[in-house]
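First the structure, in the form of structure tokens, and then the observations on it.
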Amino acid sequence: MFNKNYIYAISSMIGTSVGVGIFSLPYVASKSGFIYFIVLIVLLGIVTIILNLMYGEITLRTIDKGRLVGYCEKYLGKKGKIIATIITLFTLYSSMLAYIIIGGVFMNAVFSPSLGGSEFSYSLIMFIFISIGIYISLKLISVIEFLMVVFLFVAIFGIIVKGIPIVDVNNLMTYNSSQFFFPFGAILFSLGALAAIPELEHIMKKRQKRIKDVIILGNIIPIVVYIFFVIVVLGITGAETSKEALYGLSISVGNGIVTIGLIFGVFAIATSFLMLGVSLKEMFWYDYHLSEKKAWALTCFVPLVVFILGLRDFITVVNIAGGIAGGFVGLLIISIFYKAKKVGDLKPAYEIKVPLIISFIMILVYIAGIIFSIYEHLL
């Protein structure tokens with residue numbers, strides 16, 4: 001049942017999902033209250049699973065394999081491609097900005113006790129090294145990137161095991177109805193695994209009917225991990241929960257496993273930042289036919305300028321990226337899904353029947369999240 005391809009496919013889903021976003025969850029949970037956070041992550045978890053299953057079916061129905069921009073062009077026309085391109089750039093730049101911010105926070109926590117410095121300076125140091133890697137198109141072996149995620153995952157698991165015995169349950173008995181939607185963007189950002197789905201068809205080429213199971217399990221596992229991580233961090237630090245989770249936890253607990261988590265967090269952030277940057281540079285270079293230097297400059301300096309101009313709040317960036325970009329991506333996929341059912345190229349290995357009422361509810365959820373994110377973070 002669980003052959004190596006099946007396990008690798010699930011690992012790919014988990015590895016794509018579990019990333020920098022996990023560090024935002026304890027703080028947003030502290031604002032909404034743990035009870036409302038649980039309600040929202042379960043609700044958005046169900047919505048995300050359905051959406052990912054839709055996307056999986058879209059990829060299986062389409063002969064020309066691509067990504068969201070390509071599917072939008074095929075099923076929604078040139079206007080759909082333009083919208084998808086704008087949203088994709090917004091998502092990628094927001095993610096890179098988040099890496100710059102939290103990379104500086106984690107490096108400061110690891111190195112400043114002995115070397116001094118500030119979060120701002122360490123963010124610039126990380127940016128300089130990663131931008132050099134992007135300039136020379138340094139591509140890490142996928143195994144290295146995978147190992148960094150695995151090590152980070154192990155460190156997070158260690159934090160959960162070590163922290164459970166000292167959790168104060170009173171810190172979890174909280175709710176704030178006025179901030180119910182506050183974790184929306186951060187949760188969507190943390191659950192993002194769409195990039196892994198087109199690859200599942202290749203990984204599971206002999207057992208494509210099981211892609212459906214992979215998507216479901218590959219979404220449920222991160223949700224469970226996130227809930228336990230929030231229980232531990234919020235249960236220990238309570239109202240003192242920091243915006244980046246581990247930094248505040250290290251101050252409260254002073255545990256060696258937290259330092260290990262910070263170190264592997266730095267490497268995981270750096271590898272993800274590099275891979276994302278190289279991919280974006282190549283998109284500008286190959287797809288939009290810019291010169292390599294212009295492609296590199298456009299890739300690196302947009303998020304850097306935004307960072308220098310003052311947008312350095314990790315939670316704000318994650319909420320914007322997840323709430324606005326994630327919301328629009330959800331709306332696009334729902335639109336493509338029903339079009340692909342009518343004019344798709346192939347009969348897919350699996351099909352899901354999503355009643356219109358469910359899709360309508362999902363649309364309302366995404367629109368509500370977009371409106372809240374714009375009102376809360378941009379106005």
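The values are calculated or read from the model by the stated rules, or taken from the named source; none is laboratory data. Please read all numbers here as calculations on a predicted model, not as lab measurements. Because the Cβ atoms are built from the backbone with ideal geometry, glycine has one as well, and the counts that use them run over all protein chains shown.
Results, tabulated for the structure shown:
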read-out	value
Any hit, segment 163-183, residues being crowded, with 21+ Cβ neighbours inside 10 Å and under 30 Å from Ile130 (Cα atoms)	yes
Enumeration of residues in segment 37-86 that are under 21 Å from the mean Cα position of the chain (by Cα) and of a type in the set (S, T, N, Q)	Thr48, Asn52, Thr59, Thr85
Meets criteria (more than 18 Å from the chain's Cα centre (by Cα), more than 15 Å from Ser94 (Cβ to Cβ), aliphatic (A, V, I, L, M) and buried (at least 21 other Cβ atoms within 10 Å of the Cβ)) for Ile215	no
Test for Ile164: is it in a helix (DSSP H, G or I), under 24 Å from the mean Cα position of the chain (by Cα) and not small (Gly, Ala, Ser)	no
Criterion: surrounded by fewer than 23 Cβ atoms within 10 Å (Cβ to Cβ), touching a helix residue (DSSP H, G or I) at 6+ places or on another chain (Cβ under 7 Å) and either over 24 Å from Ile187 (Cβ atoms) or among the hydrophobic types (A, V, I, L, M, F, W, C) (or both) - qualifying residue of Lys81, Lys74	Lys81
Matching entry among Phe273, Phe314 (being in contact (Cβ under 8 Å) with a residue 12 or more places away in the chain, surrounded by 22 or more Cβ atoms within 10 Å (Cβ to Cβ) and either within 15 Å of Ser30 (Cβ to Cβ) or among the basic types (Lys, Arg) (or both))	Phe314
Among the residues listed as Ile260, Ile187, the single one being at pLDDT 85 or above, farther than 24 Å from Ile132 by Cβ and in a helix (DSSP H, G or I)	Ile187
Whichever residue in segment 1-25 is in contact with a Phe, Trp or Tyr (Cβ under 7 Å, 6 or more places away or on another chain) and assigned to a helix (DSSP H, G or I) and, among such residues, is modelled with the lowest pLDDT	Gly15
Subset of segment 272-310 (residues that are within 21 Å of the chain's Cα centre (by Cα) and over 16 Å from Leu138 (Cα atoms))	Val302, Pro303, Leu304, Val306, Phe307
